[in-house]
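Asker: My structure is below; once you've seen it, I'll send some questions.
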Ligand code: DQA
């Protein structure tokens, strides 16, 4: 499962100097072509509770979750707790290098609950997270 949080539905249009000009839909097609042997699914929500529901829904049966929680990364104890509550390993992903940005982005409340974190490689952060899950 590739799961995206708030504002990531606007990838391709949102601050392209930071997040690039590819939409997630197009990038997801490229991921599916790259990993034909992996059953990939994509889901996005702007709503914290829906992200938590999705983690609960897939988190006991799927092999891995690649999760960009967007700004909830820096604020959500509830998402931290949801990741802790499930069995499926979660890799935290960021498109940008959050440590080169505002200080409020330097704190992640979810990293401690995740198997690992990948960020700063543009959209290819998602690909690298899949690679990481495949090696677990
Ligand atoms: C982000 C970084 C977050 O700080 C920001 O709120 C996002 C995207 C990234 O992918 O670089 O929405 O998670």
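Read the figures in this text as sums done on the coordinates, not as results from a lab. As the structure is a prediction and not an experimental result, all values here were calculated from the model. We place every Cβ from the backbone using ideal geometry, glycine too, and count neighbours over all the protein chains shown.
Asker: For segment 47-83, which residues satisfy the criterion of being free of Cβ contacts under 8 Å to residues at least 40 places away in the same chain, surrounded by 13 or more Cβ atoms within 10 Å (Cβ to Cβ) and outside any helix (DSSP H, G or I)?
Answerer: Answer for segment 47-83, where residues must be free of Cβ contacts under 8 Å to residues at least 40 places away in the same chain, surrounded by 13 or more Cβ atoms within 10 Å (Cβ to Cβ) and outside any helix (DSSP H, G or I): 59, 75, 76.
Asker: I've got another one for you. When the residues of segment 84-98 are narrowed to those that are outside any strand (DSSP E or B) and within 15 Å of the ligand (Cβ to nearest atom), which ends up farthest from residue 20 (Cα to Cα)?
Answerer: If we filter segment 84-98 for residues that are outside any strand (DSSP E or B), which is where we start, we get 84-89, 95-98.
With within 15 Å of the ligand (Cβ to nearest atom) added as a condition, the list becomes 95-98.
Values: 95: 9, 96: 9, 97: 13, 98: 15 Å.
Going through the qualifying residues, I end up with 98.
Asker: Can you tell me which residue in segment 2-18 is farthest from residue 40 (Cα to Cα), limited to those that are within 11 Å of the ligand (Cβ to nearest atom) and part of a loop (DSSP other than H, G, I, E, B)?
Answerer: This residue is 15.
Asker: Yes or no: residue 21 in contact (Cβ under 8 Å) with a residue 24 or more places away in the chain, assigned to a loop (DSSP other than H, G, I, E, B) and either out of contact with any helix residue (DSSP H, G or I) (no Cβ under 6 Å at 6 or more places or on another chain) or within 15 Å of the ligand (Cβ to nearest atom) (or both)? Before you say what the answer is, go through the steps one by one.
Answerer: Values: in contact (Cβ under 8 Å) with a residue 24 or more places away in the chain: no; assigned to a loop (DSSP other than H, G, I, E, B): yes; either out of contact with any helix residue (DSSP H, G or I) (no Cβ under 6 Å at 6 or more places or on another chain) or within 15 Å of the ligand (Cβ to nearest atom) (or both): yes.
When the stated conditions are applied, residue 21 does not pass them.
Asker: Right, another one. Looking for something within 11 Å of the ligand (Cβ to nearest atom) and touching a strand residue (DSSP E or B) at 6+ places or on another chain (Cβ under 7 Å) - is there at least one such residue anywhere in segment 47-68? Outline the logic, then answer.
Answerer: Filtering segment 47-68 down to residues within 11 Å of the ligand (Cβ to nearest atom) leaves 67-68.
If we keep only those that are touching a strand residue (DSSP E or B) at 6+ places or on another chain (Cβ under 7 Å) as well, we get 67-68.
Yes, segment 47-68 contains a residue that is within 11 Å of the ligand (Cβ to nearest atom) and touching a strand residue (DSSP E or B) at 6+ places or on another chain (Cβ under 7 Å).
Asker: Go through segment 101-117 and report how many residues are more than 10 Å from the ligand (Cβ to nearest atom) and either in a helix (DSSP H, G or I) or buried (at least 16 other Cβ atoms within 10 Å of the Cβ) (or both).
Answerer: 9
Asker: Ok, one more. Can you find, within segment 24-46, the residue that is nearest to the ligand (Cβ to nearest atom) among those that are touching a helix residue (DSSP H, G or I) at 6+ places or on another chain (Cβ under 9 Å) and in a loop (DSSP other than H, G, I, E, B)?
Answerer: The initial filter retains those residues of segment 24-46 that are touching a helix residue (DSSP H, G or I) at 6+ places or on another chain (Cβ under 9 Å), namely 24, 27-28, 30-31, 34-35, 38, 40-46.
After this cut, where a residue has to be in a loop (DSSP other than H, G, I, E, B) as well, the list is 35, 38, 40-41, 45-46.
Values: 35: 20, 38: 21, 40: 18, 41: 19, 45: 13, 46: 10 Å.
Looking at the filtered set, the residue picked out is 46.
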